[in-house]
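Before any comments, here is the structure.
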Amino acid sequence: MIDILVQQIFNAMTIGSVYSLVALGLTLVYGILHIPNFAHGALYMVGGYMTLIVMLETGVHYLLAIVASIFVVGILAILMERLVFHPLRNAPPTHDKIAAIGMMLFLEALVQLVWGAEYRPMPTPFGQVVEFFGLTVTMQRILIIGTAIVVMILLNLFLKKTMVGATIIAMSQDREGAFLVGINANKVAMLTFFISGGLAAIAASIASPINLVFPGMGHLVILKAFVIIIIGGMGSIPGAIIGGYILGFSESLSATFISNDYKDLIAFLLLVVILTARPKGLFAKGVH
Amino acid sequence: MLVQTKGLTKSFGGLTAVNQVDAEIETNKITAIIGPNGAGKSTFFNLISGLHPPTEGTIHFKGTDITKLRTYEIARLGVGRTFQTTHLFEQSTVLDNVIIGHRLRTKSGLFDSIFKTGRLKREEAACREKAHEVLEFVGLSEMSHRLVSDISQEAKKRTAFALALATDPEIVFLDEPAAGINPEETDGLAELMKKMVDKGITVCLIEHKMKMVMSIADKIIVLNHGKKIADGTPDEIKNNELVIQAYLGGDTNAPVN
Amino acid sequence: MEKVLTNRNLSMLLLAIAILFPLFTDNQYVLHIFSLTFIWTIAVHGLNLIGGFTGQLSLAHAGFFGIGAYSVGLLTVKMGLNFWLALVLGLIITTAIGFVIGLVALRTKEHFFAIYTLCVGYIIYLLLYKWEELTEGVRGLIGIPVPAPIGPITFDTPRNQYYLLLFFLVLVIFLMHRIMNSIIGRTYIAIRNSEELAETIGIATMKQKMVSFVLSTFFAGLSGGLYAAFVRFIGPDISYISVTFDMLMYLIVGGMGTLSGPLIGTLLIVWLSQYLQFLQNYRMLIFGPLLTLLIIFYPRGIAGGYQMWRAKRYMRKTQQLMQPVNPVSMKEEK
Ligand SMILES: Nc1ncnc2c1ncn2[C@@H]1O[C@H](COP(=O)(O)OP(=O)(O)OP(=O)(O)O)[C@@H](O)[C@H]1O
Ligand SMILES: [Mg+2]
């Protein structure tokens with residue numbers, strides 16, 4: 001019993017790490033531009049494919065492929081910001097979502113055209129099984145948790161300790177104020193989108209060896225990431241991290257103790273419950 | 001007394017935008033609310049019209065407690081308002097924007113519209129008639145078929161007035177009606193406000209243009225940092241030490257104009 | 001006045017063509033595609049009512065479509081009910097669920113509403129997919145009967161089905177016309193324009209949004225119920241989010257917040273898809289960017305663009321009448 005529980009906690013940490021990374025990107029963009037990027041799941045998906053394809057085509061190491069993937073997806077995200085979200089910044093609120101949906105559909109079709117619709121496994125050099133605090137786990141899972149933690153620490157250092165990072169924080173707290181003190185809003189927005197895309201690429205690349213790579217792989221992830229940032233407060237960075245792990249735990253525990261079939265429902269039931277009780281999210285600030 | 005607030009307070013997180021304000025608005029007078037930017041004037045309006053629930057305090061309208069009522073219920077009691085930015089539907093005509101203002105006095109629902117009932121026809125005619133009446137009143141009859149996006153800033157302000165008037169209010173709250181328009185037009189709007197009072201509608205306005213405020217207001221309420229620091233006739237306010245300090249004192253902007 | 005007449009005449013002409021059309025063709029394929037178009041247009045009208053006119057982008061509509069379809073499918077196949085009874089019950093079920101979801105969903109605003117409804121749509125899909133004891137899961141429901149005859153009229157030929165679906169489409173369009181050309185419709189548009197302003201002019205926005213939302217789920221459910229009896233096979237896929245996105249595309253292309261947009265957009269895209277069939281799953285390579293580009297550069301869609309053009313022309317005319325000599329404004333217009 002205890003064994004199962006510990007195993008599940010480890011599992012939860014793995015899933016939660018991936019969710020947190022995806023949610024972080026989503027929440028950063030929301031904080032800066034007040035856009036819920038519906039195409040974020042597509043960035044995640046492209047991230048998975050890039051790592052896979054770079055590895056297969058060039059034969060480079062998994063970790064190098066991830067780096068390549070970060071850049072490709074980051075730049076893709078910048079393009080999205082420049083070409084789509086920026087022109088729509090003054091449009092009615094429904095428009096950016098519809099535009100994002102259009103891009104998502106396009107990216108999925110493109111990936112399917114180029115690389116096919118099959119579910120593909122991603123090879124990893126970290127497949128070996130190890131004993132870890134009495135648990136039998138694959139290195140990959142340890143890598144996932146470790147990577148997530150390192151990335152979060154780095155992100156935190158970047159936001160807290162660098163000028164640019166401070167600007168991002170400033171802008172997410174007070175957009176108009178930031179304009180007044182002469183922050184180059186365009187640059188900050190582009191940088192934020194790059195980071196957001198990069199985070200999605202990392203998340204997809206580390207998660208894919210234990211899941212699979214396919215054109216629709218971003219759907220559930222993005223929906224859950226939305227649930228997470230609503231739980232954690234739209235735009236809140238610690239909220240995204242904590243929310244990610246909360247969801248990881250709820251899913252993993254309900255898969256064990258309730259039913260594996262319905263574990264995907266947990267996130268949405270959580271959302272329904274939360275938004276029913278608090279229509280503006282769990283940690284809504286005074287703004288409207 | 002038409003409107004009375006007691007200890008009215010609104011906090012947004014750590015910031016207290018409106019702080020323990022006791023205010024009284026008298027029937028059939030023009031009351032002006034002034035104060036530096038960020039003083040809490042718009043928030044005060046939002047509290048009275050029910051857009052924000054107050055953190056503390058009460059609001060009475062004609063003696064009844066409206067503190068907990070919903071925005072639309074307050075509007076139906078006879079409280080109209082305009083916004084600092086007009087919020088009009090730009091792609092539609094002036095008339096179409098105003099017609100909906102009388103909707104609150106109608107009862108037709110979905111089924112009336114589907115079956116085109118007598119009630120619906122009557123009420124639509126009433127809405128239309130009301131719209132023409134208030135557009136005439138604010139002097140926009142000529143422009144009623146123009147798109148809002150095509151008309152001047154001043155005409156937009158007048159359209160917003162008309163929309164508020166179409167609700168058959170007893171009092172209207174006007175948030176910076178004269179912002180962004182030139183001096184002659186400002187005089188025109190001042191005239192219009194007097195005309196409203198003559199018609200029996202109480203007016204309460206927020207305004208930064210002191211000349212206009214001093215000339216038309218019967219009573220002025222001064223807010224600063226969310227607190228009411230003075231109220232009285234224009235003459236009393238002009239000579240009030242606290243008010244002079246609030247406007248000339250270091251940390252806040254002097255009034256525009 | 002003259003304008004209204006031409007508009008009405010145009011509608012009548014189109015209706016006459018639609019009615020006469022099957023008499024001149026035996027092409028079952030064409031009739032089939034038109035019938036499908038009619039079904040989807042009904043659903044898109046639902047999406048348009050809540051999203052286009054009331055300004056609340058609901059992404060759960062494929063879910064309600066699925067509920068309507070599965071209600072009819074299950075009630076006829078598993079319980080052996082008559083189609084018409086099943087359709088009525090299905091509509092009651094759909095709108096009842098719509099009502100409950102609306103009560104919660106509409107308390108949320110903008111992003112939250114979109115995300116919430118997206119998730120609701122996904123929950124419905126998951127339930128239809130996983131609740132195998134009820135829905136047969138991925139196997140889907142087969143052998144859904146065609147609509148039972150009404151008196152002497154049967155619905156077992158493509159032509160008669162075409163007429164049946166046309167009837168429902170015309171009914172829905174008629175309802176939408178009545179609603180949107182009344183103060184009820186104006187109320188929805190006022191809410192879309194600004195909820196705050198609408199509240200302050202005394203509109204009970206929550207109640208109005210509820211009515212609009214529930215009616216929109218009614219249309220989605222009707223469309224789903226008809227689909228079940230027309231296609232006669234349904235699987236959980238019909239409620240997947242991508243179906244909502246398809247509806248959204250029809251709407252954007254045709255014109256959000258216009259009365260003719262749903263029909264124009266659906267007709268155009270459904271037929272275009274037929275010609276682009278060689279693209280199959282890749283049609284989104286074209287339609288995805290199309291959606292994005294339209295919303296950036298031409299958010300009014302076809303019908304909205306036409307309306308704007310006519311409004312401008314009308315404006316020019318009236319201005320000319322009012323101020324006979326105004327060369328400056330004439331030049332500006334050019
Ligand atoms: N919805 C809100 N959430 C958080 N803070 C708010 C909100 N509305 C207003 N505030 C804050 O409350 C304070 C008072 O704002 P308010 O708009 O009432 O000022 P005002 O007197 O109308 O100023 P102005 O003359 O510039 O219109 C400001 O500091 C503002 O930032
Ligand atoms: Mg203000």
Query raised in the report: Taking segment C:25-69 as the region of interest, how many residues are in contact with a helix residue (DSSP H, G or I) (Cβ under 6 Å, 6 or more places away or on another chain), among the hydroxyl-bearing types (S, T, Y) and more than 27 Å from C:I189 (Cα to Cα)?
Result: 1
Report task. Inspect segment A:55-64 for any residue being part of a helix (DSSP H, G or I) and touching a Leu at 6+ places or on another chain (Cβ under 6 Å) and give the result as yes or no. Result -> no
**Report entry** Criterion (touching a residue at least 40 places away in the same chain (Cβ under 8 Å), within 14 Å of another protein chain (Cβ to nearest Cβ), within 11 Å of ligand 1 (Cβ to nearest atom) and under 18 Å from the mean Cα position of the chain (by Cα)) met by exactly one of B:S42, B:S11, B:S49
**Finding:** B:S42
Query raised in the report: Does B:L69 fit the bill of being free of Cβ contacts under 8 Å to residues at least 40 places away in the same chain, within 9 Å of chain C (Cβ to nearest Cβ) and either part of a loop (DSSP other than H, G, I, E, B) or within 17 Å of the chain's Cα centre (by Cα) (or both)?
Result: no
Requested in this report: Within segment C:244-301, work out how many residues are more than 28 Å from C:S11 (Cα to Cα), more than 9 Å from chain A (Cβ to nearest Cβ) and in contact with a Ser or Thr (Cβ under 8 Å, 6 or more places away or on another chain).
Outcome: 0
Query raised in the report: Mind checking which residues of segment A:96-115 are more than 15 Å from C:N281 (Cα to Cα) and either surrounded by fewer than 22 Cβ atoms within 10 Å (Cβ to Cβ) or more than 7 Å from chain C (Cβ to nearest Cβ) (or both)?
Result: A:D96, A:A100
Query raised in the report: When you scan segment A:208-236, how many residues do you find that are more than 11 Å from the chain's Cα centre (by Cα), in a helix (DSSP H, G or I) and over 15 Å from A:L282 (Cβ atoms)?
Result: 2
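Is it the case that A:E131 is surrounded by fewer than 13 Cβ atoms within 10 Å (Cβ to Cβ) and part of a loop (DSSP other than H, G, I, E, B)? Walk me through it before giving the result.
Numbers: surrounded by fewer than 13 Cβ atoms within 10 Å (Cβ to Cβ): yes; part of a loop (DSSP other than H, G, I, E, B): no.
No, not satisfied.
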Report summary line: Over segment B:147-163, the set of residues touching a residue at least 12 places away in the same chain (Cβ under 8 Å), away from ligand 2 (no atom under 16 Å from the Cβ) and not small (G, A, S) is B:L147, B:V148, B:I151, B:Q153, B:E154, B:K156, B:R158, B:T159, B:F161, B:L163
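Among the residues of segment C:81-92, is there at least one that is under 30 Å from A:I35 (Cβ atoms) and among the β-branched types (V, I, T)? Write out each step before concluding.
Filtering segment C:81-92 down to residues under 30 Å from A:I35 (Cβ atoms) leaves none.
The answer is no, given that none of the residues of segment C:81-92 is under 30 Å from A:I35 (Cβ atoms) and among the β-branched types (V, I, T).
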Query raised in the report: Right, A:K224: among the basic types (K, R) and at pLDDT 90 or above or not?
Result: yes
Requested in this report: Tell me, please, whether a residue that is part of a loop (DSSP other than H, G, I, E, B) and among the hydrophobic types (A, V, I, L, M, F, W, C) can be found in segment A:94-102.
Outcome: no
Requested in this report: Considering each of C:F218, C:F245, C:F297 in turn, give the residue that is at pLDDT 95 or above and either surrounded by fewer than 24 Cβ atoms within 10 Å (Cβ to Cβ) or among the acidic types (D, E) (or both).
Outcome: C:F218
Requested in this report: May I ask you to verify whether B:G101 is in the same structural domain as B:E136 (by TED's automatic domain parsing), among the small types (G, A, S), away from ligand 1 (no atom under 16 Å from the Cβ) and not in a loop (DSSP other than H, G, I, E, B)?
Outcome: yes
Query raised in the report: Of the residues that make up segment C:230-242, is at least one farther than 20 Å from C:A69 by Cβ, among the aromatic types (F, W, Y) and over 11 Å from the mean Cα position of the chain (by Cα)?
Result: no
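Which ones in segment C:72-90 are more than 20 Å from C:L36 (Cβ to Cβ), assigned to a helix (DSSP H, G or I) and touching a helix residue (DSSP H, G or I) at 6+ places or on another chain (Cβ under 8 Å)?
Those that are more than 20 Å from C:L36 (Cβ to Cβ), assigned to a helix (DSSP H, G or I) and touching a helix residue (DSSP H, G or I) at 6+ places or on another chain (Cβ under 8 Å): C:L74, C:L75, C:L85, C:A86, C:L89.
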Requested in this report: State whether the residues of segment B:164-171 include one that is among the polar types (S, T, N, Q), under 26 Å from B:F45 (Cβ atoms), in a helix (DSSP H, G or I) and away from ligand 2 (no atom under 16 Å from the Cβ).
Outcome: no
Query raised in the report: Is it fair to say A:L143 is within 14 Å of chain C (Cβ to nearest Cβ) and part of a helix (DSSP H, G or I)?
Result: no
Query raised in the report: Quick one: would you say B:T58 is away from every other protein chain (no Cβ under 11 Å), more than 13 Å from ligand 1 (Cβ to nearest atom), surrounded by fewer than 23 Cβ atoms within 10 Å (Cβ to Cβ) and not in a helix (DSSP H, G or I)?
Result: yes
Query raised in the report: Could you list, in sequence order, the residues of segment B:186-223 that are surrounded by fewer than 22 Cβ atoms within 10 Å (Cβ to Cβ), at pLDDT 90 or above and not in a helix (DSSP H, G or I)?
Result: B:K199, B:G200, B:I201, B:D218, B:K219
Query raised in the report: Restricting attention to segment B:125-146, which residues are of a type in the set (D, E) and either more than 14 Å from every other protein chain (Cβ to nearest Cβ) or in contact (Cβ under 8 Å) with a residue 12 or more places away in the chain (or both)?
Result: B:E133, B:E136
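Working only within segment B:14-39, note down all residues that are within 14 Å of chain A (Cβ to nearest Cβ) and either on the phi < 0 side of the Ramachandran plot or more than 14 Å from ligand 2 (Cβ to nearest atom) (or both).
Result: B:G14, B:L15, B:T16, B:A17, B:V18, B:N37.
So that you can scan it fast, the table gives a plain yes or no per residue for (1) of a type in the set (S, T, N, Q); (2) more than 9 Å from every other protein chain (Cβ to nearest Cβ); (3) over 15 Å from C:A229 (Cβ atoms); (4) buried (at least 21 other Cβ atoms within 10 Å of the Cβ):
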position: C:V100; (1), (2), (3), (4): no, yes, yes, no
position: C:I115; (1), (2), (3), (4): no, no, yes, yes
position: C:L127; (1), (2), (3), (4): no, no, yes, no
position: C:K130; (1), (2), (3), (4): no, no, yes, no
position: C:E136; (1), (2), (3), (4): no, yes, yes, no
Report task. Consider A:I206 carefully, then state whether it is crowded, with 22+ Cβ neighbours inside 10 Å, within 27 Å of A:G146 (Cα to Cα) and either away from ligand 1 (no atom under 16 Å from the Cβ) or within 14 Å of chain B (Cβ to nearest Cβ) (or both). Result -> yes
Query raised in the report: Is it true that some residue in segment B:42-53 is more than 16 Å from ligand 2 (Cβ to nearest atom), on the phi < 0 side of the Ramachandran plot and outside the structural domain of B:E133 (by TED's automatic domain parsing)?
Result: yes
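The values are calculated or read from the model by the stated rules, or taken from the named source; none is laboratory data. Remember, it's a predicted structure, so these values are computed and weren't measured experimentally. When we count neighbours, we look across all protein chains shown, and the Cβ atoms used for this are built from the backbone with ideal geometry, even at glycine.
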